[in-house]
1. What is the extension gain from S27 to D248, computed as 0.36 nm multiplied by their sequence separation minus the C-alpha to C-alpha distance, in nm to one decimal?
2. Counting other C-beta atoms within 10 Å, and keeping those with at most 14, which DSSP coil trypsin sites (Lys or Arg not before Pro) do you find in the range 155-211?
3. Which value in Å does the Kirkwood hydrodynamic radius of the range 156-226 take, with 1/r averaged over all unlike C-alpha pairs and then inverted?
4. If we count every other residue with Cβ under 12 angstrom of L165's Cβ, Lys/Arg +1 and Asp/Glu -1, where does the sum land?
5. Where in the range 229-264 is the amide nitrogen less than 19 Å from a point lying 7 Å along the Cα-to-Cβ axis of K77?
6. Could you run the Karplus curve 6.51 cos²θ - 1.76 cosθ + 1.60 with θ = phi - 60° over the range 54-59 and give me ³J(HN,Hα) per residue in whole Hz, x for Gly and Pro?
7. Just how large is the dipole of the range 156-226 about the Cα centre, in debye to the nearest 20, putting +1 at every Lys and Arg Cβ and -1 at every Asp and Glu Cβ?
8. Taking each pair of distinct Cα atoms in the range 175-305 once, what is the resulting Kirkwood hydrodynamic radius in Å?
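Rule-based calculations on the coordinates, nothing more; no lab input. Given the structure is predicted, the values throughout are model-derived calculations rather than measurements. A quick note on method: Cβ atoms are made from the backbone with ideal geometry, for glycine too, and the neighbour counts reach across all protein chains shown.
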Amino acid sequence: MSENKNNTTMAPAPAAQAPAVQQENMSERFTKKVLQEFGSSVSGAMEVTDFQKRLIQGYFIMIDRALKTAEEERIRKNKANNNHDYDNNLPATWQNVNLGDLALDLVHYARMGLDMQQDAMLYPIPYKNNKAGYYDITLMPGYNGIKYTAVRYAVEAPIGETIELVYSTDTFVPHKKDSAHPVATYEFQINNPFDRGEIIGGFGYLEFAEPARNELIIMPLKDILKRKPEYASANFWGGTATEWQTVDGKRKKVEVQKEGWFDEMCRKTLIREVYSAKHLPRDPQKIDDAYQFMKAREARFAEIQAQAEIDAQANIIPIDTTPTAPAALGAPPQPVTIPETNPGTGEVIGGSGRPVTASEGAVGGSGQPMAQGSLYDAPNF
């Protein structure tokens, strides 16, 4: 204690307190991890641009939102399970995410400039890796991401594009480039916008600075359906789906008709064809490791998607347990493979591919998406 000149007792000054140590939040940890991976994955010294930093911040926001949606779906499915032995007891939270692989993926997409906060540009898709006991986040470009990537790496970018589905009441007259038509053109008219009938196909038209290079791409419905995934979800493509429902107080398996989003799925398939390297060749001088990485990831995700739909149906499709004669032993199982990509274009090429290594996280039967019918099949994908 001390006294002033007026004999007033003064309280001692409080001791200086050490500054509180702030705990690093998940957003800061995420950003730091991606930036560290950026420095170690990019050859040579390269400074992260302000634009790329903004992309990384946006990645966290959108992935966090996807995880919250996945967690709601996990809880809903657990409650609806007829047998809780099959519950998913791993919360879909950041603490259970394979952050190392995710950071590596995000580095490549940030370098390409894909913005997850832009409509249909890039989607995060959580799926559970049962073998590893965590969630992997698969990143998949939407249709705007497909366009953006195709134009960025094209030999010559188009100056205009038209993509349309054609219905049975529409009028469509193609004029392919020939001696009578020096430039490919078409005539298209929607005769009844309120009832256009059934889809019979679609077309895409790419315009270039030199009109003689314009290209008309036509896809009949049968060609669109050829590209429909073998295990496509009825939730998106429409058709019959098997679900658990409560009937007379009991849980039963019933077949239900799903309207789906058939038109949107056909349009997405048409966009993928129009912007493929077949119609918009890639410039080998522009191809970088980020592009090749993305193409390899797309091939891997196609395998994940197929296996996930098989796994989803495994518990609801009746299995015939009638004893049969033992089958002859076949060849030993082969390693899971992903297709090889052309080093010049990054496109998937034919052949048997190469084995998926453990570091690449081959999913097989261990990967489960958070919802039946993944976002890859979503209408705006």
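1. Fully extending the segment from S27 to D248 adds 74.8 nm.
2. Of the trypsin sites (Lys or Arg not before Pro), the ones in loops of the range 155-211 whose Cβ has at most 14 other Cβ atoms within 10 Å are K176.
3. Computed over the range 156-226, the radius equals 13.1 Å.
4. Once all neighbours under 12 Å are counted, the net charge is -2.
5. 231-237, 241-246, 252-254, 256
6. Once rounded to whole Hz, the list reads 5, 4, 5, 4, x, 4.
7. Charge dipole of the range 156-226: 200 debye, to the nearest 20.
8. In the range 175-305 this quantity evaluates to 18.6 Å.
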